[in-house]
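Below is one structure; the comments refer to it alone.
The values are calculated or read from the model by the stated rules, or taken from the named source; none is laboratory data. Quick caveat: nothing in here was measured; it's all calculated off a predicted structure. FYI the Cβ positions are ideal-geometry reconstructions off the backbone, even for glycines, and counts take in every protein chain you see. Keep in mind that these areas ignore ligands, DNA and RNA; they rest on the heavy atoms of the full protein, side chains included. Shrake-Rupley method; radii C 1.70, N 1.55, O 1.52, S 1.80 Å.
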Protein chains: 2
Amino acid sequence: MPDQAAGSGHRPAPVHTDPDDVSLLTALSALADPVRIQLVRELAGSDDWTRSCGSFDVPVGKAALSHHFAVLRGAGVVEQRDQGSKRVNRIRREEFDARFPGLLDLIIRADAPG
Amino acid sequence: MPDQAAGSGHRPAPVHTDPDDVSLLTALSALADPVRIQLVRELAGSDDWTRSCGSFDVPVGKAALSHHFAVLRGAGVVEQRDQGSKRVNRIRREEFDARFPGLLDLIIRADAPG
């Protein structure tokens, strides 16, 4: 039996892209956005699977936030899974670093995105 | 007397931004474009000031090309100067690397941008 709660059934499970299948252009485009930079930074400072989508301090509504997470999933930056009624996140640090060395470091350590 | 040819006078000299004044978001946005990735790659493989704007193998017209170079100048990636009727280029490798370590390396060594 899986030891992980199944999705709550009210939405499809998130679709992921392996970082190895992500083009440089897709990766750069995903990260060239102030909201997504903020999401990546907060996630990089949190333990895996401890952050639900609603826990981030970004000034966008729920639909826009879903879109931003979908872009990050599609670029191999973020992995998500449903736990009960929450969707929780982890940053794919090792896999993404292997594909684009240093790029996440730049995002995380650089100045504010403005 | 300056040992460099003055601009030909039919257009203003290019305006540059120092990489130290460039935000991460501006840098990523400038590089998240297939035409600009191609320009950066070709320029990185050429000696400084040997490439005129018209010498790049990119599928865009003159006005679009001017825009792309303006974006790269504004992100501190490229320096330009007018030599007679030509505008020639160099990549600001050292200065940009100091500001965003590893980012140009990713652009230059990664797979095709598609």
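Evaluate the distance, in nm, between pseudo-label points positioned 7 Å from the Cα of A:Ser85 and of A:Ser23 along their respective Cα→Cβ axes.
4.1 nm
In nm, to one decimal, how far is the B:Glu42 label point from the A:Arg109 one, both placed 7 Å along Cα→Cβ?
Each label point is offset 7 Å from its Cα along the Cβ direction, giving 3.4 nm.
Over the Cα atoms, compute the radius of gyration (one decimal) and Dmax (the largest Cα-Cα distance, rounded to a whole number) for region A:57-104, in Å.
Radius of gyration, then largest Cα-Cα span, for region A:57-104: 12.1, 34 Å.
Ordering B:Asp82, A:Asp18 by accessible area with a probe of 1.4 Å, largest first, what comes out?
Highest to lowest solvent-accessible surface, that is A:Asp18, B:Asp82.
Compute, for the protein assembly as shown, the length of the dipole vector about the Cα centre, with Cβ point charges of +1 (Lys, Arg) and -1 (Asp, Glu) only. Units Debye, rounded to 20.
Dipole of the protein assembly as shown, to the nearest 20 debye: 720 debye.
Would you calculate a helix-derived [θ] at 222 nm for the protein assembly as shown, using -39,500 (n - 2.57) for each DSSP H run of n ≥ 4 and dividing by the full residue count, to the nearest 500?
-11500 deg cm²/dmol
Let me cross-check B:Arg41: its accessible surface, 1.4 Å probe, with only protein heavy atoms counted, in Å² to the nearest 10?
Approximately 50 Å² for this residue.
Under a 1.4 Å probe, what is the accessible area of chain B per residue, stated in Å²?
I get 49 Å² per residue for this part.
One decimal, nm, shortest first: give the distances between the label point of A:Ala44 and those of the same position in the other copies, each label point 7 Å from Cα along Cα→Cβ.
So the label point of A:Ala44 gives 2.0 nm to the other copies.
Dipole size in debye (nearest 20) for chain A around its Cα centre, Lys and Arg Cβ +1, Asp and Glu Cβ -1?
420 debye
Over the whole of B:25-38, what's the average partner chain Cβ count within 10 Å per residue? Rounded to a whole number, please.
5
Shape call for region B:36-83 from the C-alpha gyration tensor, a ≥ b ≥ c root eigenvalues: rounded (a/c under 1.5), prolate (a/b greater than b/c) or oblate?
rounded
Of A:Val78, A:Val22, A:Gly54, which is farthest towards the positive pole of chain A's charge dipole, taken about the Cα centre with +1 and -1 on the beta-carbons of Lys, Arg and Asp, Glu respectively?
Of the listed residues, the answer is A:Gly54.
Considering just Cα atoms, how many Å³ per residue does the convex hull of chain B enclose?
Here the figure is 111 Å³ per residue.
Report the residue of chain A with the smallest Cβ-to-axis distance, using the rotation axis that brings A onto B, in whole Å.
A:Gly102, 2
Averaged over all directions, how much area does the convex hull of the C-alpha atoms of the protein assembly as shown cover when projected, in nm²?
Value for the protein assembly as shown: 15.0 nm².
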